[in-house]
1. How many residues does the stretch 155-166 hold that are closer than 13 Å to residue 199 by Cα, touching a strand residue (DSSP E or B) at 6+ places or on another chain (Cβ under 8 Å) and surrounded by fewer than 22 Cβ atoms within 10 Å (Cβ to Cβ)?
2. Report yes if residue 74 is more than 26 Å from residue 161 (Cα to Cα) and either in a strand (DSSP E or B) or outside the structural domain of residue 144 (by TED's automatic domain parsing) (or both), otherwise no.
3. Take the stretch 188-217 and flag every residue that is more than 17 Å from residue 161 (Cα to Cα) and touching a residue at least 24 places away in the same chain (Cβ under 8 Å).
4. What single numbered condition from (1) within 22 Å of the chain's Cα centre (by Cα); (2) part of a loop (DSSP other than H, G, I, E, B) fails to hold for residue 49?
5. Quick check: is even one residue across the stretch 236-244 farther than 18 Å from residue 179 by Cβ, crowded, with 23+ Cβ neighbours inside 10 Å and in the same structural domain as residue 153 (by TED's automatic domain parsing)?
6. Among 105, 142, which is assigned by TED's automatic domain parsing to the domain that holds residue 197, touching a strand residue (DSSP E or B) at 6+ places or on another chain (Cβ under 6 Å) and part of a loop (DSSP other than H, G, I, E, B)?
7. Can you confirm whether residue 140 is surrounded by fewer than 19 Cβ atoms within 10 Å (Cβ to Cβ) and over 24 Å from residue 265 (Cα atoms)?
């Protein structure tokens, strides 16, 4: 009787050749590789080791030099590391999943489509995820400025970001259960929804349209200004001053707003507003309805 447990190997895995515990050097070391699995492999000095590769699995492997994955498709990486010099690591690549990995190199993921990052730490996320589309971020930690500029169709859950100017020019963005410590977050955006999150940083969401915050805590000097169709549902504005300037707003705020400054139109509901400015020389005060609990 055979007591060995059955193991299932997919047809795709059976068709893959395997490179194990290799130390690869030189430019384009594995150029145009396909249908291959790399395990415990080091891609050392030498640019573009997997340029034009497709149908690749990477397991417990590391990149130590520039441009490792350009013009690639169908990449599955797990337990991998991009070291500091593996900068500009993934560009012009479609259908890539990276899990349980650390990315030390900046300027990663540029003009990629269908990107899934799960349990990933970006040690230096400077200029990362630019002009990408179809992006899923699940339990991602990032530190660096200009994350996700001009991205489209982004979904993030448990994103922990410390860095300024994220999501500039992005569209169709959904973020939940996240913490963003970011100046100038969500500038020039369209169709953004943030739920159950904490955002701290001045000048939040300027020059954007169709921006919604639900069950969020926000701290922002001159935040939420110049927004066309801004919605806040069951939010708290902590130490938030000069809010809503020239914004069309539908806001339901729990607690006190420190100051509201010349919104262009809409309705603002709060328990209390410490300082309210509706300057008829700048805006039409009758276009905005203010509802406070202490005035009821």
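The values are calculated or read from the model by the stated rules, or taken from the named source; none is laboratory data. These numbers come from a predicted model, not from an experiment. Because the Cβ atoms are built from the backbone with ideal geometry, glycine has one as well, and the counts that use them run over all protein chains shown.
1. Total satisfying the criteria: 3.
2. So residue 74 passes the test.
3. Once the filter is applied, which keeps residues that are more than 17 Å from residue 161 (Cα to Cα) and touching a residue at least 24 places away in the same chain (Cβ under 8 Å), the stretch 188-217 yields only 211.
4. (1)
5. yes
6. 105
7. No; evaluated as a whole, the condition is false for this residue.
Okay, residues lined up against (1) buried (at least 18 other Cβ atoms within 10 Å of the Cβ); (2) at pLDDT below 95; (3) within 13 Å of residue 232 (Cα to Cα):
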residue: 168; (1), (2), (3): yes, no, no
residue: 201; (1), (2), (3): yes, no, no
residue: 207; (1), (2), (3): no, no, no
residue: 215; (1), (2), (3): no, no, yes
